[in-house]
Amino acid sequence: MNEVSPVAYWDNRAEDYDNFIRTSRFSYGKNIVRLLRKEQVLSGQDLVLEIAGGVGALTLPLCRETREVVCLEPAPNMADYLKKNLLNNQIENCRVLQLTGQEYMHQNLHDAFGLGIICHASWQFPDLEELLGFFDLSCRSWACIADTAKAPESPHTEFRKSLGIEHVGFDRVLVLYNALCALGRNPNISFFNYTMLRSAESAKSMLKQVAEKYRQIAKADMEKINSHVAAYSTDGTYAEPATMGVIWWKTKG
Amino acid sequence: MDEQQEWIKEFNRRQALYEGKTGLGYWESRARDFSEMRSSRNWEFGRRILKTLYRELPEKAKVLDIGAGPGSLLVPFSEKLGEFTAVEPSTAMLSELKKNASKARISNFSVLTQNWENIKTSALEGSFDLVIISITLWMFRDLPEQIKRMEKCSRGLCSVVACIDDNRGNSEDSLWEKILGDVPRPSYSEFPFIFNLLYKMRRSPEVRFIEYQAERSLNAKIQQQKLFYAKYVRLTPQTEQIIENEVRKHSHNGIVTENYISAVVWWKLKK
């Protein structure tokens, strides 16, 4: 869960991810944007860089609160869903570039953005200092990393353990925060709770694909997934609580 | 990583280096220069903390300040908040606090002239909207115990303000090496230990960094540095001269202005 996942993986995840974000009504993205506005990290006049925008969980709320967003999304299916969501919501101030963050880094971007942000994708940068250096170069004011914190013991973590996938995930929020402290970035941090809502079918697809990152899925595993999803679904909607950690700091831009 | 064990290691290392006056006696001697520093720039240190926490607090919030010093928080907080209780064992600090309060025409405060660890928290249980300890927690060996005691007194928010060790162009940056050579400078910072500890206790701690400046007269700064180094070495005329020269280099028109950064950490009590 903390390893680089290839573009092809996210291409296959696009459908279930889109279902999650739309069913959840872009809620965690809205909360992040609300926080950044409150903390005066995001202004209505900013040009914002978002790395790995996915289907637009954060992109759409960002676009509503700032001048323009440049959103990088390398997975073609994800980018298609993102464009569709932008269109359906009549949002026109977003440029979608089908590039990875690493590919985009090679462009000359000195001070181009007010804020650089990456949500649910920090693990795509095994070299954190490379990402920080990029934010320093391209963002004149702020950088932000948001990610879901490791969940406390719950039936959901127990279930993931039983699938054999919980142990591979360390707490990215804690690790990133301490790394930023050690690198002298003086990072601010805030937390909020949110609920991942998605159709039961989307939840099954997600759990299957996450498990398949690590091993072959057997019939018994699928039965376990189906029964877990059924236990936590109401009227066909699966719900799982989570906590988002939002870390932001001043760039050296 | 076991935060508490790491903290104790650093705490013990600092204690082992002490040779001179530390603890309460040290703070009795520091009261004047500390008051000058904290009140400078219209209480900038306290105002920055207040600005960070203000929107988290109810109107007329009741505050318990542990290690209140010369009123670093009392004066700026009292303009905006309610009743204020200062915990401060040093009589010299309290005398500065009362002087500063009177100058600012503040009267809605009370004082507990005791060491925090001697105060019975059962008598204060759930009495305050904010329990805060600023640049003071480093004096305690047992951080989890102090967190629990703070939480017991609070009915809303707890906050730890921690200093951050970094070179910001102050006279202190180069003095340690000149006086103590290659002895590693001990850390006084509770950060990020306190964040990690609270996070593991599942408190979802919020952190905001604040930057501020402080001013002291040249003589007050020289006196402060002499007292600080007297904790670690017996001062000789030569070391005193090194201190004076270094501080003088950083002064302008008889004033020493310094840059600081602190982490304001806070968490809400779970209902």
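The values are calculated or read from the model by the stated rules, or taken from the named source; none is laboratory data. Because the structure is a prediction, the values reported are computed rather than measured. Positions of Cβ are backbone-derived with ideal geometry, glycine not excepted, and every protein chain shown enters the neighbour counts. Calculation scope for accessible area: heavy atoms of the full protein, side chains included, ligands and nucleic acids excluded. Shrake-Rupley method; radii C 1.70, N 1.55, O 1.52, S 1.80 Å.
Below is a table of values for the structure above.
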read-out	value
Matching residues in the range B:252-271 - criterion: being open to solvent by 30 Å² or more (accessible area, probe 1.4 Å) and either at pLDDT below 95 or more than 14 Å from every other protein chain (Cβ to nearest Cβ) (or both)	B:HIS252, B:ASN253, B:GLY254, B:ILE255, B:THR257, B:ASN259, B:TYR260, B:LEU269, B:LYS270, B:LYS271
Long-range neighbours under 6 Å by Cβ, at least six apart or interchain, first residue more than 27 Å from B:PRO58 (Cβ to Cβ) within the range B:84-107, second open to solvent by less than 20 Å² (accessible area, probe 1.4 Å)	B:ALA92/B:ALA31; B:MET93/B:ALA31; B:MET93/B:GLY69; B:MET93/B:PRO70; B:LEU94/B:GLU88; B:GLU96/B:ALA31; B:GLU96/B:SER35; B:GLU96/B:PRO70
Qualifying residue in the range A:154-164 (condition: open to solvent by less than 50 Å² (accessible area, probe 1.4 Å), within 14 Å of another protein chain (Cβ to nearest Cβ) and in a helix (DSSP H, G or I))	yes
Verdict on A:PHE170 being under 22 Å from A:PRO152 (Cβ atoms), within 14 Å of chain B (Cβ to nearest Cβ) and open to solvent by 40 Å² or more (accessible area, probe 1.4 Å)	yes
Subset of the range B:34-83 [among the hydrophobic types (A, V, I, L, M, F, W, C), within 30 Å of B:ILE255 (Cα to Cα) and either assigned to a loop (DSSP other than H, G, I, E, B) or without any contact (Cβ under 8 Å) to a residue 12 or more places away in the chain (or both)]	B:ALA68, B:LEU73
Every residue from the range A:32-63 that is within 14 Å of chain B (Cβ to nearest Cβ) and either more than 19 Å from A:SER122 (Cα to Cα) or not in a helix (DSSP H, G or I) (or both)	A:ARG34, A:LEU35, A:ARG37, A:LYS38, A:GLU39, A:GLN40, A:VAL41
Hits in the range A:189-205 - residues which are buried (at least 19 other Cβ atoms within 10 Å of the Cβ), closer than 29 Å to A:ALA179 by Cβ and touching a Phe, Trp or Tyr at 6+ places or on another chain (Cβ under 7 Å)	A:ILE189, A:MET196
Residue satisfying all of: in the range A:111-134; outside any helix (DSSP H, G or I) and without any contact (Cβ under 8 Å) to a residue 40 or more places away in the chain; least open to solvent (accessible area, probe 1.4 Å) among these	A:PHE125
Of residues in the range B:1-43 being in contact with a strand residue (DSSP E or B) (Cβ under 9 Å, 6 or more places away or on another chain) and open to solvent by 40 Å² or more (accessible area, probe 1.4 Å), the one nearest to B:LYS98 (Cα to Cα)	B:GLU36
Answer from B:GLU190, B:GLU240 - the residue that is within 14 Å of another protein chain (Cβ to nearest Cβ) and either over 27 Å from A:ILE189 (Cβ atoms) or among the acidic types (Asp, Glu) (or both)	B:GLU190
